[in-house]
Amino acid sequence: MLEVLFVANTPKEAYKLAENRYKNGFKLISAKQIYNQQEDKFSCEIKVLVDETNYFNINSKETIEKVSSFFIKRGLIKSWIDELSKSVANKKVVKNEKDFIIYIIKRINKLIKIKNEKATEHKVKVFVGPTGVGKTTTIAKLAHKYTSEGYSVALINLDSFKAGAFEQLAYFAKRLKLPHYTIRTFQRFKKVYKSVQDNDIILIDTTGMSPYDSQRLVKTLKYINIDKLNQSKNIEVNLVISTTIKYEDLEAIHKNFETLKIDNVILTKFDETKYIGPIISYLLEHSLTLSYFTIGQSVPDDLIVANKKFLMQKFIES
């Protein structure tokens, strides 16, 4: 049995608090009048005995409700929180709010997947994603990283739709003194793809597309499948998404791009938001692997290798 205190203006009111909380599952063991010197008034304190199981069940339910609300307001999806809460409903981890919050944070940290990259494990790296997430700038940052590590890099640009897309990647290629190829037809792509195989790494930029643009998706699939012409080289598909995107849009994006068999996710624009709960939910829901984060527009500085410490710190700060 556990002792629980209730304080109110009168004994009747204090007893009513105990009844509201534990119904008939308690026993009154003492009552006394106490004086609050600071407020200069008297109140009543009662002490009751509560069965430990009853106490735990009622308190854990309240803890789960409060903590679930806390995380949902910060962008975690309700279905994930509900499933986790259900799995620990009768465990000591939900005995108080602090313990349960710590448990959830540790659980998220454990479930987040980080890629341990070996630069040449996949020779051909394709970058896909919606418009405006920073694919081209991210590719430039990675090209600088790989060349500074001593790898030979070739850049192929399939983005013939966005105004200035060819020129943007060409500018970075010129700065880094890298071969850069603009592609407008599939026949040219096959020719260029074959000619750059002597490079250690091939980075391919694709056209940004809305989650509902099936025509461009089919075109991107056609290019990616060229790797069947050279089975000894592995293609890696990187989905580039912004941390500023809301959860519903992330789901629409995923539905569109999952056909491409996503290997890694690159998160951009950490510098533009403080709230990454929707991104955390998205990663957990689809068990996706993170490879890189971008934290600004500067090339090559604002690129970091994905790591749990950085991600969880950003989440906790929100």
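The values are calculated or read from the model by the stated rules, or taken from the named source; none is laboratory data. Because the structure is a prediction, the values reported are computed rather than measured. Every residue, glycine among them, receives a Cβ derived from its backbone with ideal geometry; neighbour counts consider all protein chains shown.
Pick from segment 251-269 the residues that are among the hydrophobic types (A, V, I, L, M, F, W, C) and at pLDDT below 95: which of them is surrounded by the fewest Cβ atoms within 10 Å (Cβ to Cβ)? Lay out the reasoning, then the answer.
Start the filter on segment 251-269 by keeping residues that are among the hydrophobic types (A, V, I, L, M, F, W, C), which leaves 252-253, 257, 260, 262, 265-267.
When the remaining residues are screened for being at pLDDT below 95, the result is 252-253, 257, 260, 262.
Values: A252: 15, I253: 22, F257: 21, L260: 19, I262: 18.
Per the criteria, the residue is A252.
Can you name the number of the only condition in (1) assigned to a helix (DSSP H, G or I); (2) surrounded by fewer than 20 Cβ atoms within 10 Å (Cβ to Cβ); (3) touching a residue at least 40 places away in the same chain (Cβ under 8 Å) that Y275 fails?
The single condition Y275 does not satisfy is (1).
Mind checking whether some residue in segment 93-105 is loosely packed, with under 14 Cβ neighbours inside 10 Å, modelled with pLDDT of 90 or more and part of a helix (DSSP H, G or I)?
Yes, segment 93-105 has at least one match.
Name every residue in segment 189-209 that is at pLDDT below 90 and among the charged types (D, E, K, R), in order of residue number.
Answer for segment 189-209, where residues must be at pLDDT below 90 and among the charged types (D, E, K, R): K190, K194.
Check whether at least one residue in segment 42-63 is in a strand (DSSP E or B), of a type in the set (S, T, Y) and surrounded by fewer than 20 Cβ atoms within 10 Å (Cβ to Cβ), and report yes or no.
If we filter segment 42-63 for residues that are in a strand (DSSP E or B), which is where we start, we get 42-50.
Applying the additional criterion that residues be of a type in the set (S, T, Y) yields 43.
Remaining after also requiring surrounded by fewer than 20 Cβ atoms within 10 Å (Cβ to Cβ): 43.
Within segment 42-63, one or more residues are in a strand (DSSP E or B), of a type in the set (S, T, Y) and surrounded by fewer than 20 Cβ atoms within 10 Å (Cβ to Cβ).
Being at pLDDT 95 or above and either within 10 Å of the chain's Cα centre (by Cα) or of a type in the set (D, E) (or both), is that true of even one residue in segment 293-310?
no
Given the criteria in a strand (DSSP E or B) and modelled with pLDDT under 85, does Y35 qualify? Steps first, answer last, please.
Working: in a strand (DSSP E or B): yes; modelled with pLDDT under 85: yes.
It is true that Y35 is in a strand (DSSP E or B) and modelled with pLDDT under 85.
Report, by residue number, each residue of segment 5-41 that is in contact (Cβ under 8 Å) with a residue 40 or more places away in the chain and surrounded by fewer than 16 Cβ atoms within 10 Å (Cβ to Cβ). If you could, list the steps in order and put the result at the bottom.
Applying the first criterion (in contact (Cβ under 8 Å) with a residue 40 or more places away in the chain) to segment 5-41 yields 5-6.
The one that is in contact (Cβ under 8 Å) with a residue 40 or more places away in the chain and surrounded by fewer than 16 Cβ atoms within 10 Å (Cβ to Cβ): L5.
Does segment 210-230 contain any residue that is at pLDDT 90 or above, surrounded by fewer than 16 Cβ atoms within 10 Å (Cβ to Cβ) and either within 29 Å of the chain's Cα centre (by Cα) or assigned by TED's automatic domain parsing to the domain that holds F257 (or both)?
Taking segment 210-230 first, the residues at pLDDT 90 or above are none.
No, because not a single residue in segment 210-230 is at pLDDT 90 or above, surrounded by fewer than 16 Cβ atoms within 10 Å (Cβ to Cβ) and either within 29 Å of the chain's Cα centre (by Cα) or assigned by TED's automatic domain parsing to the domain that holds F257 (or both).
Give me the pairs: first residue in segment 259-271 and in contact (Cβ under 8 Å) with a residue 24 or more places away in the chain, second residue of a type in the set (D, E, K, R), beta-carbon distance under 7 Å, and six or more apart or on different chains, which are they?
D263/E236; N264/K115; N264/E236; F270/K314
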